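Q: Please see the structure below; I have some questions.
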Amino acid sequence: MYKNELNLKLQQNLQLSLKMWLPILQSSLSELDKTILEQSDSNPFIDVKSKFEEAQNFKTVHGSFQYDNFDYRSNIDRDGIEQMTISKKSLYETLNDQIEYPLFPTPISQQIAFEIIENINDLDFYEGESQLIAKKFNVKVEDVEKIRLRFAYLDPIGVGAKDFKESFMFQLNELNIEDDDLYKFVLKLIADFENIYKYSKSRFFEDAIKIIKKFRNPPALEYQAPLTNIIVDAFVFFDNEEDGELRISINGKYYPEIVIKDTNKEEKDDFVKEKLKDAKNLVNLLSLRKATLYKLILAIVEEQYRFFCGGEMVPLRLQDIAEKLGFNESTISRAVANKYLACDRGIFSMKDFFTHGIEDKISSNEIKNYMKNIILYEEKEKPLEDEQILELVQKRFSISMVRRSITKYRQELNIGSSKERKKLYKLLQDSSL
């Protein structure tokens, strides 16, 4: 009888601990305060001191961490790193990252493209003087315009157009409308947009309006929204002053402080004992979160060491790390959720380190890199279609795939279809820049 009651009590305590533990593990750093407050709401012996607002006002970091080039200094303590937040890439950073070969194959074409970006206004349209840019770089005005028109192939599509009409034309070309009559009709509506409803009796009108409603104005609408801050959970850096080895530092700035209030009761009743026990559990679970994240990141660093040294990521499954650490796969999944890691290559979601494997030894990253290479050296007069790329990938990696996977990977690489690439190659042939 007593043994059964003891087992029941142990099981209840385990369930209670899991109920407290899993939300703490899964919370993002920005939500951790809220999670702890919810856990302690019914406990009169817990006082939670939030570090979030305090950290928001913190202006410097212990040691040095520069967002632009991720310059780490070796005097960063494992638990002493202060707050570090970043904003999502600006529109200009996104565009600058795309000014490269093959779309802008020469140094002069890249310099002109950067100049065009500097002349994009708050509505995402080009408001520069092409004549002045041409004079600055000693080229023809038409050369500047040809380079500007290549912005139709950049993401977000439509940026760099002179006005909303040209932006709509950029976006229209991305849709690959196969019906030429419908395509021409949409072009007509865009050109005469002020009088669009005078064409309402056309048999194409309804379909054309559906297409036009897909266009974004301004074209980079998502960049008009307030910046989203990401709070980094941990830093991975080379300790140059010690031995040059990779170090891991958990960002403890945002962790709330849990203070357990003392009770004046000399003989504590069961209620008080239970609540004090819960309070101590909460303190321990917060420390356990730090320790778990540290072990998890250490395992990731060991498996992805080549990446942190400048190489490519290797295929890595949640199951691999779970087995290595002796955790359930679901625990690892919760641990990486909503977490971010900073290293000298940038800031990454911890999920990024777990590649989606096509097969045990082949990652989607490997296939994407192979696709980039074969497209880079494809015949310009007759670009490879997705079906042809599929055949080459299957032969190269000895795997079975479907065409839609190739299309998905190509789109994730921001590479156009064979039809779009053919247009692009022709555009590049028409210009010496």
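The values are calculated or read from the model by the stated rules, or taken from the named source; none is laboratory data. The model shown is predicted, which means the values in this text are computed figures rather than measured ones. Because the Cβ atoms are built from the backbone with ideal geometry, glycine has one as well, and the counts that use them run over all protein chains shown.
Q: Tell me whether region 403-410 contains one or more residues that are among the hydrophobic types (A, V, I, L, M, F, W, C) and in a loop (DSSP other than H, G, I, E, B).
A: No, that holds for no residue.
Q: For SER400, which of the numbered conditions (1) in contact (Cβ under 8 Å) with a residue 12 or more places away in the chain; (2) of a type outside the set (Phe, Trp, Tyr); (3) surrounded by fewer than 13 Cβ atoms within 10 Å (Cβ to Cβ) fails to hold?
A: So SER400 meets the others, but not (1).
Q: Going by the structure shown, is ASP124 charged (D, E, K, R) and assigned to a loop (DSSP other than H, G, I, E, B)?
A: yes
Q: Let me ask something else about it. Residues in region 279-296: is at least one without any contact (Cβ under 8 Å) to a residue 40 or more places away in the chain and of a type in the set (Phe, Trp, Tyr)?
A: Within region 279-296, not a single residue is without any contact (Cβ under 8 Å) to a residue 40 or more places away in the chain and of a type in the set (Phe, Trp, Tyr).
Q: Select from region 234-292 the residues that are more than 27 Å from LEU325 (Cα to Cα) and among the basic types (Lys, Arg) and write down the one among them that is modelled with the lowest pLDDT.
A: Across region 234-292, the extreme among qualifying residues is LYS265.
Q: If you take the residues in region 276-293 that are touching a strand residue (DSSP E or B) at 6+ places or on another chain (Cβ under 6 Å) and surrounded by fewer than 19 Cβ atoms within 10 Å (Cβ to Cβ), which one is farthest from SER27 (Cα to Cα)?
A: Checked region 276-293; the qualifying residue farthest from SER27 (Cα to Cα) is VAL283.
Q: Can you tell me which residues in region 395-433 are within 16 Å of TYR377 (Cα to Cα) and of a type in the set (Phe, Trp, Tyr)?
A: Within region 395-433, TYR425 is the sole residue that qualifies.
Q: Further, regarding this structure: Just one of (1) outside any helix (DSSP H, G or I); (2) modelled with pLDDT of 85 or more; (3) more than 17 Å from the chain's Cα centre (by Cα) trips up GLU391, so point out which.
A: (1)
Q: Give me the pairs: first residue in region 39-59 and at pLDDT below 75 and buried (at least 17 other Cβ atoms within 10 Å of the Cβ), second residue of a type in the set (Lys, Arg) and not in a strand (DSSP E or B), beta-carbon distance under 8 Å, and six or more apart or on different chains, which are they?
A: Partner pairs satisfying both residue conditions: LYS51/LYS253; ALA55/LYS253.
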